[in-house]
Amino acid sequence: MTPEEAWHQIRFVDRRDAGRQLGERLLPFAYENPLVIALPRGGVPVAREVARALHAPLDFLAVRKLGAPHNPEYGIGAVAEGGVRVIDPEAVAILGLRNGVVDAIAARESEELKRRVALYRGDRAPLALSGHTAIVVDDGVATGVTDTAALRALRRCGPRRLVLAVPVCPPDTESRLREEADEVICLQAPPRFFGVGQFYEDFSQVADEEVVSILAEFDHATV
């Protein structure tokens, strides 16, 4: 079996399985009393297993990809809580998008961002990251634009150390994200990468109800 063929044999059963494996890898961070920050929606089931492994509080940061007008799966940027906006100038140039088009997409996704924050957080205050190690968890990374927006938003909150932890990420994207995080933990960095879903047996969509249920399991009162 060639190395490329071997990569295609690697699969996580589902997001819980990925979270358990990631939690094992992150066990040394337990001594830093970290805070785990999930990126909804897909990152939440992964982050739950990480938080359980580290006996850490769990919170989330809302972030939304800005999809191209005729291909929403093609990310041209992202918006995150706190008014952070990241645009991929190369993607915008390739598509020949005008600023007004990008602004309209960002405005629409910002409204969805507000909806998710209100639904997921309710009256609960976000965790205070200042002086803490913050471990940001996603279910995988492709272009890295949404994770870049999330990391920049969280950096503003003053964590002592900012760590990005993901099950899978392309090598070139991982290198770029190391410029945004103090450390990047990635279980798999396959040389051939077509999408995060190819590394999961079950990559079904995570519903809002599941996100709310998972976040309700964690009590921030003692943080």
Review point. Which condition does R152 not pass, out of (1) open to solvent by 60 Å² or more (accessible area, probe 1.4 Å); (2) in a loop (DSSP other than H, G, I, E, B); (3) modelled with pLDDT of 95 or more; (4) not aliphatic (A, V, I, L, M), if it passes all the others?
Key: (2)
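Only residues that are within 14 Å of C186 (Cα to Cα) and among the aliphatic types (A, V, I, L, M): list them for segment 118-166, please.
Within segment 118-166, I135, V136, V137, V141, A142, V163, L164, A165, V166 qualify.
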Review point. Taking A118, is it out of contact with any Ser or Thr (no Cβ under 8 Å at 6 or more places or on another chain) and buried (at least 24 other Cβ atoms within 10 Å of the Cβ)?
Key: no
Revision key, fill the gap. Scanning segment 79-102 for residues that are among the charged types (D, E, K, R) and open to solvent by less than 70 Å² (accessible area, probe 1.4 Å), the one nearest to T143 (Cα to Cα) turns out to be D88
Exercise for review: Looking only at segment 148-182, count how many residues are without any contact (Cβ under 8 Å) to a residue 40 or more places away in the chain and of a type in the set (S, T, N, Q).
Suggested key: 2
**Study point:** Boolean, I76 is open to solvent by less than 10 Å² (accessible area, probe 1.4 Å), aliphatic (A, V, I, L, M) and within 14 Å of the chain's Cα centre (by Cα)
**Key:** no
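From the list E5, E24, E49, which one is open to solvent by 10 Å² or more (accessible area, probe 1.4 Å) and at pLDDT below 95?
Just a single option satisfies the conditions, and that option is E5.
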Point to revise | Output for segment 157-189, where each listed residue is more than 18 Å from N33 (Cβ to Cβ) and part of a loop (DSSP other than H, G, I, E, B) | key: C169, P170, R178, E179, E180, A181, A189
Check your understanding: Name the pairs whose Cβ atoms lie under 7 Å apart, with the first residue in segment 199-217 and over 17 Å from I37 (Cβ atoms), the second among the aliphatic types (A, V, I, L, M), and 6 or more positions between them or separate chains?
Key -> F199/I10; F199/V168; E201/V13; D202/V13; D208/L119
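Quick check on my filter: what residues within segment 190-220 are charged (D, E, K, R) and outside any loop (DSSP other than H, G, I, E, B)?
Across segment 190-220, the qualifying residues are D208, E209, E210.
The values are calculated or read from the model by the stated rules, or taken from the named source; none is laboratory data. Note that the structure is a prediction, hence the values are computed from the model and not measured. All Cβ positions, even for glycine, are placed from backbone atoms using ideal geometry, and neighbour counts span all protein chains on display. Heavy atoms of the whole protein, side chains included, go into the accessibility calculation; ligands, DNA and RNA do not. Shrake-Rupley method; radii C 1.70, N 1.55, O 1.52, S 1.80 Å.
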